[in-house]
Amino acid sequence: MVGVPTRHVSWHADGATIVRRRPELRQSGPARRDITTADPRYNTLPRADRRSVLKEALTSLHALESVDTQITQSVVAECGPVLAEEFADLSMSSPASTRELAL
């Protein structure tokens, strides 16, 4: 792309990634927000349903880890610790089997 500043190329590449990775982004970000804001739609779910939401969000987040763009890496860095900690908390406080909790 001759004559196009590097930052524009980067944003264009990130924009294309957003379009391709929309499903993964839609899982990770909202789950993080629901947890950090104590959203009752999430917090009032039965424990098994919260685990299911987290499993899907973490699976999506792991798919984003291999995409090396500024946007996806920001999502991974911001969402990963929150989702992992919540999953660990649910796993430790639940009598569910190890096999059930495996991603």
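The values are calculated or read from the model by the stated rules, or taken from the named source; none is laboratory data. Because the structure is predicted, anything quoted here is derived from the model rather than measured. With ideal geometry, Cβ positions are generated from the backbone for all residues, glycine too; neighbour counts draw on all protein chains shown.
Things to note:
- In the set (1) surrounded by 12 or more Cβ atoms within 10 Å (Cβ to Cβ); (2) among the basic types (Lys, Arg); (3) modelled with pLDDT under 85, residue 33 fails one condition alone, (3).
- Candidates in segment 1-30 are the residues that are buried (at least 18 other Cβ atoms within 10 Å of the Cβ) and hydroxyl-bearing (Ser, Thr, Tyr); of these, the one that is modelled with the lowest pLDDT is 17.
- Taken as a whole, the condition of being at pLDDT 90 or above, touching a Leu at 6+ places or on another chain (Cβ under 8 Å) and either of a type in the set (Gly, Ala, Ser) or outside any helix (DSSP H, G or I) (or both) does not apply to residue 38.
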